[in-house]
Structure formats: structure tokens, C-alpha cells
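Notes to accompany the following structure.
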Amino acid sequence: MTTTTLPAPALTRLDRCDRCGAAAQLRAILTNGGELLFCGHHARVHEAGLRAVGAALSTDP
Ligand SMILES: [Zn+2]
């Protein structure tokens with residue numbers, strides 16, 4: 001199991017899913033430096049694809 005740690009700030013209630021606007025629970029840092037936020041639902045929908053393109057995924061504890 002590989003864990004990628006990045007110095008990204010913790011998600012807050014102000015962070016919103018880029019797909020539906022719900023509270024974000026997952027931050028994805030793309031290999032090109034872009035950042036996407038997803039709610040729990042969309043995190044599950046997109047997780048496999050994000051991992052496939054090498055995105056670093058981080059969630060709040
Ligand atoms: Zn969503």
C-alpha cells in the first residue's frame with residue numbers, strides 16, 4: 001500500500017465538491033498541479049479514475 005503525503009491544508013466546511021457543491025470530503029492533487037474536491041459520493045465515483053491518472057488523494061481524518 002502506497003501513501004502519498006502532501007502539505008495540503010485540511011479541508012473545511014467551506015470546501016465544496018467540484019461536481020455537485022456538497023461538502024468536500026476528498027482532495028485530489030493532479031499530476032499537473034491541479035486540484036479537485038469531491039464529496040463522499042463523487043469521491044467514490046471518481047476515485048478509480050483519479051488513481052489511474054496518478055492523482056494524490058487525501059481525505060480529512
Ligand atoms: Zn459531489
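Against the criterion of being assigned to a loop (DSSP other than H, G, I, E, B), more than 9 Å from the chain's Cα centre (by Cα), within 9 Å of the ligand (Cβ to nearest atom) and of a type in the set (Gly, Ala, Ser), Gly21 qualifies. Residues in the stretch 24-54 that are away from the ligand (no atom under 16 Å from the Cβ) and touching a residue at least 12 places away in the same chain (Cβ under 8 Å): Ile29, Leu30, Thr31, Val53, Gly54.
Mind checking which residues of the stretch 24-41 are in a helix (DSSP H, G or I) and either in contact with a His (Cβ under 6 Å, 6 or more places away or on another chain) or within 19 Å of Ala10 (Cβ to Cβ) (or both)? If the condition is that a residue be in a helix (DSSP H, G or I) and either in contact with a His (Cβ under 6 Å, 6 or more places away or on another chain) or within 19 Å of Ala10 (Cβ to Cβ) (or both), then Gly40 is the only one that fits.
Values in this text are rule-based calculations from the coordinates and carry no lab data. What you see is a predicted model; the values in this text were computed from it and never measured. All Cβ positions, glycine included, derive from the backbone under ideal geometry; neighbour counts span all protein chains shown.
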